[in-house]
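Worksheet: the structure to be examined is printed underneath.
The values are calculated or read from the model by the stated rules, or taken from the named source; none is laboratory data. None of the values given here were measured: they were computed from a predicted structure. When we count neighbours, we look across all protein chains shown, and the Cβ atoms used for this are built from the backbone with ideal geometry, even at glycine.
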Amino acid sequence: MYIQKYMFTCEYKPEKRILSKGDAVMEGFSQLTIEKIKYYVYCLNDPETNLPFYIGKGKGNRVFNHAKGEKEKDANHEKIEIIDSIRRRGLNIGHEIIRYGLTEEVALEVECALIDFAGLENLSNIVKGHNWDRGRISCEELEIQLGAKDINIEDSLMIIKINNLFHLDMNENQIYEATRKSWVANIDRARSTRYVLGVAFGIVRGVYEPIKWDYSNGGKRIEFIGKNASREIQDKYLHRKVDILFRKGIANPIAYFEGVKNDK
């Protein structure tokens with residue numbers, strides 16, 4: 001689905017002009033213009049609403065090539081379907097330059113920022129763009145990520161990495177469910193630990209006290225039923241960094257620690 005409404009209002013509203021197939025349509029920039037505009041960020045619009053359905057960066061005549069569809073090269077099927085739908089209505093694709101005269105690095109940042117602001121769900125872009133990990137984020141989450149202190153282990157812990165399941169919109173119950181099942185691990189070893197930490201991208205997102213461990217998935221995996229650890233234990237470990245505990249390249253999502261203190 002392309003964008004249905006603007007995410008903000010402003011006094012300036014661009015003039016809406018619907019181009020029919022019979023109208024003269026600009027096919028590309030002159031060589032002189034190409035040399036002057038360098039890299040740029042652009043959007044493709046539905047001409048009936050003047051609202052963007054795609055945001056991209058490029059140079060030369062990239063914007064015109066994208067507006068034409070580039071079917072033989074483009075893997076973005078949703079964008080192509082929107083372009084075909086507009087053409088079936090007898091209209092031409094709207095396209096505008098948002099910022100120009102940029103370096104490639106700056107163009108990538110502007111593209112990503114605009115996609116973040118509009119919302120990927122409101123566009124036909126496949127991905128958020130480059131450097132998306134520094135993109136739209138709440139102040140609270142930014143403080144968690146950048147202000148996290150190194151963990152100092154004082155208890156018997158089982159750490160479970162939930163990177164593949166984690167996203168920033170998860171609530172506490174979803175983090176618990178992602179952490180508690182289903183893992184390839186030794187059940188006796190798991191039972192010997194006092195607390196389980198759910199970790200995503202190096203930061204503790206959940207701290208649990210298992211009540212019961214059991215087999216799942218036909219006995220091939222294990223899972224636990226548990227509860228949130230006490231406030232005292234939460235304060236020790238929640239939102240702490242665990243990078244100091246792991247060597248780079250370790251693929252196993254599960255690790256055990258026995259009260260190894262970090263005095264840094």
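Only residues that are at pLDDT below 95 and among the β-branched types (Val, Ile, Thr) were counted in the stretch 243-255, giving 2.
Evaluate the stretch 214-231: report whether one residue or more is farther than 15 Å from residue 175 by Cβ, assigned to a helix (DSSP H, G or I) and modelled with pLDDT of 95 or more. So far as the stretch 214-231 goes, yes, one or more of its residues are farther than 15 Å from residue 175 by Cβ, assigned to a helix (DSSP H, G or I) and modelled with pLDDT of 95 or more.
Return yes or no: is residue 178 in contact with a Phe, Trp or Tyr (Cβ under 7 Å, 6 or more places away or on another chain), over 15 Å from residue 233 (Cβ atoms) and either in the same structural domain as residue 249 (by TED's automatic domain parsing) or modelled with pLDDT of 95 or more (or both)? Considered against the rule, which asks whether it is in contact with a Phe, Trp or Tyr (Cβ under 7 Å, 6 or more places away or on another chain), over 15 Å from residue 233 (Cβ atoms) and either in the same structural domain as residue 249 (by TED's automatic domain parsing) or modelled with pLDDT of 95 or more (or both), residue 178 comes out as yes. Would a scan of the stretch 62-82 turn up a residue that is part of a loop (DSSP other than H, G, I, E, B), at pLDDT 90 or above and not assigned by TED's automatic domain parsing to the domain that holds residue 203? Looking for residues that are part of a loop (DSSP other than H, G, I, E, B), at pLDDT 90 or above and not assigned by TED's automatic domain parsing to the domain that holds residue 203, one finds none in the stretch 62-82, hence no. Within the stretch 105-129, the set of residues being touching a Lys or Arg at 6+ places or on another chain (Cβ under 7 Å) and surrounded by 20 or more Cβ atoms within 10 Å (Cβ to Cβ) comprises 107, 111, 112, 115, 124. Could you tell me whether residue 142 is closer than 30 Å to residue 200 by Cα, at pLDDT 90 or above and assigned to a helix (DSSP H, G or I)? The answer is no for residue 142.
Take the residues of the stretch 192-202 that are among the hydrophobic types (A, V, I, L, M, F, W, C) and not in a loop (DSSP other than H, G, I, E, B): which is surrounded by the most Cβ atoms within 10 Å (Cβ to Cβ)? Ranking the qualifying residues of the stretch 192-202, first place goes to 197.
Restricting 205, 189 to residues that are in the same structural domain as residue 241 (by TED's automatic domain parsing), among the charged types (D, E, K, R) and assigned to a helix (DSSP H, G or I) narrows the list to 189. For the stretch 148-184, filtered to residues that are of a type in the set (D, E, K, R), touching a residue at least 24 places away in the same chain (Cβ under 8 Å) and farther than 15 Å from residue 245 by Cβ, the residue that is surrounded by the fewest Cβ atoms within 10 Å (Cβ to Cβ) is 172. Of all residues in the stretch 80-93, none that is at positive phi has its Cβ atom under 7 Å from the Cβ atom of a residue that is surrounded by 17 or more Cβ atoms within 10 Å (Cβ to Cβ) and β-branched (Val, Ile, Thr), 6 or more apart or on another chain. Within the set 187, 211, the sole residue that is in contact (Cβ under 8 Å) with a residue 12 or more places away in the chain, touching a strand residue (DSSP E or B) at 6+ places or on another chain (Cβ under 6 Å) and either of a type in the set (S, T, N, Q) or surrounded by 12 or more Cβ atoms within 10 Å (Cβ to Cβ) (or both) turns out to be 187.
Scanning the stretch 1-60 for residues that are small (Gly, Ala, Ser), exposed (fewer than 10 other Cβ atoms within 10 Å of the Cβ) and at pLDDT below 90 returns 22, 24.
Is there a residue in the stretch 154-163 that is in a loop (DSSP other than H, G, I, E, B) and basic (Lys, Arg)? Checked the stretch 154-163: no residue is in a loop (DSSP other than H, G, I, E, B) and basic (Lys, Arg).
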